[in-house]
Amino acid sequence: MDVTSALRIHLLGPIEIQDRDITLRLPPSSTTRSLLAYLVLRHDQAITRDRLIGVFWPERPDPRARRALSNALWQIRRALGDHSGRLVAEQDKVTFAFQLGDWVDVEEFETAIRRHGDILQRDQTSPTSLSILSQAVSLHRSDFLEGCYDDWALLQRERLREMHLRGLEMLATLHKQADNYERALLYAQQLAAADPLHESVHRELMRLYHLLG
């Protein structure tokens, strides 16, 4: 692997890191993977070891917690291989440093949602806005850090999930307004699958089925 190659990091769904066509083999520990995701999401920010211990090992005595953190960082660095230089572990702080071209699906998703909102404020019928929103919802392949139940991850998961649901609802509405009932139905079906207790979505599905005959 080329040390200068960019990484593609997926956090929507189970964490996955790719170097071109190679998927890195990450540590099996769920806590270590959660720590890696936490650092990636806050890349280029120096995070104190005390803060990391408070998030991931709050119940352990300080010496044991620090050893656990050091061991987890060692596992991450080992898994990153030629990219281990991205993990900068100083005496008091830890940073996951990005390089040019590194990509994270969560950032791409949130950026696309914001761009859609900005364009929509200027032109509610813009095809560009529709395309950007479609791209955004397609990035949300699954819940954030699927299978991880750490408190910090659950908060992120719920926030991103709400953004995804609003995006699907908006796409269904915009396509319906454009008389593209088949596309509207597609997004309404996705919304119903993602949020089956949303009664208004099921009513909208019936209306779209009626419009499609």
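The values are calculated or read from the model by the stated rules, or taken from the named source; none is laboratory data. Since the model is a prediction, treat every value here as computed from it, not as a measurement. For neighbour counting, all protein chains shown are included, and Cβ atoms are generated from backbone atoms with ideal geometry for every residue, glycine included. Areas reflect the complete protein model, heavy atoms only, side chains present, ligands, DNA and RNA absent. Shrake-Rupley method; radii C 1.70, N 1.55, O 1.52, S 1.80 Å.
A few points about this structure:
- Residue that is nearest to ARG51 (Cα to Cα) [pool: residues in the range 71-84 that are in contact with a helix residue (DSSP H, G or I) (Cβ under 9 Å, 6 or more places away or on another chain) and open to solvent by 40 Å² or more (accessible area, probe 1.4 Å)]: ASN71
- Candidates ASP92, ASP123, ASP105, ASP118: the one that is loosely packed, with under 15 Cβ neighbours inside 10 Å and either modelled with pLDDT of 95 or more or touching a Phe, Trp or Tyr at 6+ places or on another chain (Cβ under 9 Å) (or both) is ASP92.
- The range 166-213, subset of a type in the set (Ser, Thr, Tyr) and under 29 Å from the mean Cα position of the chain (by Cα), residue most open to solvent (accessible area, probe 1.4 Å): THR173
For every residue, the table says whether it meets (1) open to solvent by less than 50 Å² (accessible area, probe 1.4 Å); (2) touching an Asp or Glu at 6+ places or on another chain (Cβ under 8 Å).
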| position | (1), (2) |
| --- | --- |
| SER5 | yes, yes |
| GLN18 | yes, no |
| THR23 | no, yes |
| PRO27 | yes, no |
| SER30 | no, no |
| ARG33 | no, no |
| LEU36 | yes, no |
| LEU39 | yes, no |
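- SER134 being in a helix (DSSP H, G or I), within 19 Å of the chain's Cα centre (by Cα), among the polar types (S, T, N, Q) and exposed (fewer than 12 other Cβ atoms within 10 Å of the Cβ): no
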